[in-house]
Structures are given as C-alpha cells and as structure tokens.
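First the structure, in the form of structure tokens, and then the observations on it.
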Amino acid sequence: MHSPTLQINTKRLLSTIAESSSIGSTANHGLHRLALTEEDRQVRHLFTQWLENEGLDVRIDDFGNIYGRREGRLKEAPPIVMGSHLDSQPQGGRYDGVLGVLTALEVIRVLNEYHIETEYPVEIVNFTNEEGARFSPPMLGSGGVTGNFSKDFIYNIQDRDGITFSEALKDIDYVGETSNRLEEISAYIELHIEQGPVLSNKGKSLGVVEGIQGMTWVNVSVEGKSNHAGSTPMDDRTDALVCAGQMIGKIKELTQEIKGLKTTVGRLDVSPNTANVVPGRVDFSIDIRHEDNEIRQHALQRLKEQLSSTSFIHGTEVIIHSLWNSDTIEFSPTIRNAIKTSADELDLPSLSLYSGAGHDSKYMHSMGETGMIFLPSERGISHNEDEFTHDDDIEKGARVLLQTLLKLDTTI
Ligand SMILES: [Zn+2]
C-alpha cells in the first residue's frame, strides 16, 4: 500500500502554472496560445524539458501529441494516462486545459519525490489542437489517436491563412512517429475546469463528471411570401419572420415542459432582410441538449410537432432538417467511483455533474476507461481572459488526481 502522507507541493505546482502561462500571456492576464503557433512551440519545448527533468521517456506522435512515460512494475500493461491540452482560444484563459496537463506533471513529481513504484506504467499527455480555434474541428490530437479522424483529414485542414495542419506541425518541428501513438490505455483521467457556473454557484471545489451531454443540431427553414411593406394589407401576408418568432417562443417554452432540456436558437437568417419588405424566408438553427438521449429525441419530436402546427396556423411552409447528433457519453463507473471515493477520503465535498462542453476525454472514452475531474470556474466564465480558478481549488484538484491515480493503480 502507498503511504497516505504523500503531499502535493502546491507552491511548485502554482509556479509551474505561472511559468507556463508566461508564454502567450495577454495584457489582461489571459492566454493567447493557438495550436501549432510559435507560442505553442515554446510551451511544448518547456513542457518536454520538464518531462525530461523527471526522467520520463518522452515521445511525440505524428499528430504532435506529446507523451511522457514513467514505467511501472507491470511492464507490458497499458498505461494509466493523465493529461489534457496546452493550446488556448484567442484571448482565452490560462486554466482551460493547462490545469489538466500541469496537475498531472505535479502528480508525477510527487511519485518521483517519494520514490513510489506504481503497478501500471503512468503516462502524461498534451493533446494537439484541442480548442479548434486555429484548425477546426476541435480535439484533433485525441480524435486522431483514437481513430475518430483519419490522418489525411487532419493533415489537410487549413487555418484562415490557408496553412495546413501538416505544414504548421512541420513549421514548429513537432512531427513525430506514427509508432509513438498511444494505442491502449488502462485508464485516462483528465482534470479540467468546469467552464460553467454549477460548482461555483454551489460552493463545491470538485466535480465528478458523469459524462458529456449529448446534443442535436437542427436547421429550420420557414417559407412565406415576400411582399411590399406598404401596399400589402396585414391580413393578406404570409410573414415568415412573424411565424419564426412564434416558433422560437415555443422552442423556449418546451424547456419548461421537459426538465433539464436546453434549447438555443443561435443563428437566424432573414430574407430578403430589408426594412420595407415582408420577410419571405427565414432559416434558423436549434441546438438541443439533454444528457438523456431518449429525452433529447422526444424533445426533438415535440419541437417538430409544434413547429409544424405553428407553420400551419401562419400558412407558411416549414422544412426541418437534422444536421447532426452526438449522443451522451457516460464515463467509466470505475473511474467516477475512484474520483468520488478519493475526494471523500480527503474530506473534500464533491458534486456529480455532466459536462456541457466537449473535451479530449470524449474521444479517449472510445479507447478505454475514461473519467474527468472538474474544478470550479469563477462565475462560470471560460474561453475568456477573465477565466479564473482559485489556487485552493487547484490544490484540491491535484490532491484528488494523485489519490485517484493511486487508487486506480491498485484496483483496475
Ligand atoms: Zn479545454
């Protein structure tokens, strides 16, 4: 058994975080460190030095993902992996992703300091382009290594200046070997900020993440008749925007009927979009989220019925087109339980919740047992320079990560 006196060195952890966020720091205490840029190259360089200082075996794969490996007693067993990403959004925050990588580094430092030999090999990972801010879609490094995206697809994605992922990876000199990819895991644990207000509002320092909430995207086209605003009598109009306005009201009302449902109409295109013409056509999007896949499908059905009847009343034509659907992911019960028990043993109150945002864990889940620890984001602010997580909470998170790793090491 491991000694319970293992201590996270909070001062060392916080100064490591501060040093890393000096690369790409903004005037307002944020972070601007887009994937595969000069800032990303510099932080990767610093990170690999830190890994080497800890005696880890460093390797880089063909997506630029960086791994540091610490051997365990079971030489052939797949590793327990911890990590996240070091890239940021434009003018983003200094906690998103960074905490997951650097708390993992602190855990490794503690294992070294106390000369702990684990059963399983332990690896730390920094995934490339999690944010998707420079190369879209997001989570390319984890998506690539888990086979959710092909190498061809990833290599040919271009940024706004027409530079491909593969050129950018070459430019910063981080093209590694395909044979270095992570292929199998015993477990993957990612510590991350919540990026929402739940933990902060409830005064909890730790979240045990149940899974990642599913979502469905729908496009709605409402066809009316465009006509002159002055000469068309009010009772002789088929105004697509008036109809769409009522539909949007109904979409919001449905969230009162179905508990936990979130609906958002974030995009609206009006045609011809001119002050003196009755709108002839409106296209809008609906983002529908619920952690229960069946309830989300039921909500979609109810929305379709309501939009059709609203369209009938207004005499418009409506076309409802499903764009895509991503089902809810449930994280490993073993890992969720290990996180919860670790928090309990350390006397740290935790809360179970779903993630509203996507993370590298979403794809790692397809490789093996995966789980996440959430830390509070002050006022729920994220992807913004005002993103903030208290030092105290970072310390608690690192302690739970360490404890969870040790627990999994002896139980999986
Ligand atoms: Zn992130």
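Tabulated data
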| quantity | calculated |
| --- | --- |
| Stretchable slack from GLU257 to ALA27, in nm (0.36 nm times residue separation minus alpha-carbon distance) | 78.3 nm |
| Neighbourhood charge, 9 Å Cβ-Cβ cut-off, centred on GLY371 and excluding it, Lys, Arg +1 and Asp, Glu -1 | -1 |
| Stokes-Einstein D in µm²/s, Kirkwood radius over Cα pairs - the range 47-184 at 25 °C with 0.890 mPa s viscosity | 157 |
| Stretch gain in nm, segment ASN337-GLU113, where the contour uses 0.36 nm per residue and the Cα spacing is subtracted | 77.9 nm |
| Among 137-145, 404-412, 309-317, 177-185, the order from most to least packed when residues are scored by Cβ within 10 Å on average | 137-145, 404-412, 309-317, 177-185 |
| Amide hydrogen neighbours beyond the local backbone of GLU210, cut-off 5 Å, H modeled | LEU353, TYR354, SER355 |
| Residue-normalised accessible area of the range 214-326, expressed per residue, 1.4 Å probe, Å² | 56 |
| Amide N of the range 62-105 lying under 18 Å from the label point, which is placed 7 angstrom from the Cα of VAL175 along Cα→Cβ | 62-66 |
| Cross-link reach list, lysines versus LYS170, counting only Cα pairs under 16 Å and skipping chain neighbours closer than eight places | LYS151 |
| Greater than 24 Å apart at Cα, pairs in LYS304/LYS362; LYS204/LYS340; LYS75/LYS396; LYS202/LYS250 | LYS304/LYS362; LYS75/LYS396; LYS202/LYS250 |
| Alpha-carbon centroid distance for the pair the range 300-342 / the range 65-123, whole angstrom | 35 |
| Local net charge near ILE23, Cβ-Cβ under 14 Å (Lys/Arg +1, Asp/Glu -1) | -1 |
| Nearby aspartates and glutamates by direct alpha-carbon distance to LYS225 (threshold 20 angstrom, same-chain neighbours under 8 apart not counted) | ASP235, ASP236, ASP239, ASP269, ASP283, GLU317 |
| The chain, accessible surface, carbon-and-sulfur percent (1.4 angstrom probe) | 47 |
| Relative packing of 219-229, 387-397, 344-354, 265-275, which averages over residues the other C-beta atoms within 10 Å, highest first | 387-397, 219-229, 344-354, 265-275 |
| Extreme residue, positive dipole direction of the chain, given options TYR155, HIS314, PRO90 (C-beta unit charges) | HIS314 |
| Unit charges on C-beta of K, R, D, E only; dipole of the chain, Debye | 780 |
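The values are calculated or read from the model by the stated rules, or taken from the named source; none is laboratory data. Here the structure is a predicted model, which means the values were calculated and not measured. In this analysis, Cβ positions are derived from the backbone assuming ideal geometry, glycine residues included, and neighbour counts consider all displayed protein chains. The area values use the complete protein model at the heavy-atom level, side chains included, leaving out ligands, DNA and RNA. Shrake-Rupley method; radii C 1.70, N 1.55, O 1.52, S 1.80 Å.
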